[in-house]
1. Hey, could you check region 75-85 for residues that are surrounded by fewer than 17 Cβ atoms within 10 Å (Cβ to Cβ) and either away from the ligand (no atom under 16 Å from the Cβ) or assigned to a loop (DSSP other than H, G, I, E, B) (or both) and say which is farthest from the chain's Cα centre (by Cα)?
2. Sort out which residues of region 113-156 are touching a Gly at 6+ places or on another chain (Cβ under 7 Å) and either aromatic (Phe, Trp, Tyr) or open to solvent by 80 Å² or more (accessible area, probe 1.4 Å) (or both), and write them in order of number.
3. Please work out which one of (1) under 14 Å from the mean Cα position of the chain (by Cα); (2) away from the ligand (no atom under 16 Å from the Cβ) is the condition Thr105 fails and give its number.
4. What do you reckon, is Gly66 modelled with pLDDT under 95 and open to solvent by less than 20 Å² (accessible area, probe 1.4 Å)?
5. Any residue that is open to solvent by 40 Å² or more (accessible area, probe 1.4 Å), without any contact (Cβ under 8 Å) to a residue 60 or more places away in the chain and within 26 Å of Thr161 (Cα to Cα) - is there at least one of those in region 2-15?
6. Give all pairs with beta carbons closer than 9 Å in which a residue from region 96-112 that is more than 21 Å from Thr13 (Cβ to Cβ) meets a residue that is basic (Lys, Arg) and open to solvent by 20 Å² or more (accessible area, probe 1.4 Å); count only pairs at least 6 apart in sequence or on separate chains.
Amino acid sequence: MPPERRYVIRAGTGYDSHRIDSGGRMLLGGVEVAKGMHLVAHSDGDAIAHALTDAILGAAAAGDIGEMFPDTDPANRDGNSMDMLVAAVARVRQRGFVIVNADVTVITERPKLSPHRDAIRASLAAALQVDPEAVSVKGKSNEGMGWIGRGEGLACMAVATIASDISTGAD
Ligand code: MG
């Protein structure tokens, strides 16, 4: 019988929101999901990348996106948020963890995310170094209520789990 494997499993959550304005293009999960509107931000405004970055950092208790990439640092202006996610994955892996899965919910009235779902899953999976089957992306409207309902902005929630193999003799 093969030796029993033992893992530490941790979960983390992330949240992000950005104002929507006209012009430009909207990026979510590194994928262009709309033209003629954009997310207002110091960086490229990619709310999926931001929420997921916080989720994996949270799972590892390894800080947060604001500490890793301060918006007071000119180097982060117009930053590529998928690069930030990749850097956070590297930090988590340095601490002995791999990403297991991620589940993302975007709450917005527009644009519809379903046509872009699989492209976003593939993009996130590459950054997280997991199979696309381990990444879920869901879109929800806010039923017309409040600031999201009026289309003033969108919000994103993310959950991620990470694991470290602590079996005797591992690494
Ligand atoms: Mg953000």
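1. By that ranking, first place goes to Ala75.
2. The answer is Glu143, Trp147.
3. Single failed check for Thr105: (2).
4. Details: modelled with pLDDT under 95: yes; open to solvent by less than 20 Å² (accessible area, probe 1.4 Å): no.
Spelling it out, it is not the case that Gly66 is modelled with pLDDT under 95 and open to solvent by less than 20 Å² (accessible area, probe 1.4 Å).
5. To start, the set of residues in region 2-15 that are open to solvent by 40 Å² or more (accessible area, probe 1.4 Å) comprises 2-11, 13, 15.
Narrowing further to those that are without any contact (Cβ under 8 Å) to a residue 60 or more places away in the chain: 2.
With the extra rule that they be within 26 Å of Thr161 (Cα to Cα), the set shrinks to 2.
Within region 2-15 (the criterion being open to solvent by 40 Å² or more (accessible area, probe 1.4 Å), without any contact (Cβ under 8 Å) to a residue 60 or more places away in the chain and within 26 Å of Thr161 (Cα to Cα)), the answer is yes, since at least one residue qualifies.
6. Filtered contacts from region 96-112: Glu109/Arg150.
The values are calculated or read from the model by the stated rules, or taken from the named source; none is laboratory data. In this text the structure is predicted, and so the values were computed from the model without any measurement. Ideal geometry is used to build each Cβ from the backbone, glycine not excepted, and the neighbour counts take in all protein chains shown. Surface accessibility is based on the protein's heavy atoms, side chains included, excluding ligands, DNA and RNA. Shrake-Rupley method; radii C 1.70, N 1.55, O 1.52, S 1.80 Å.
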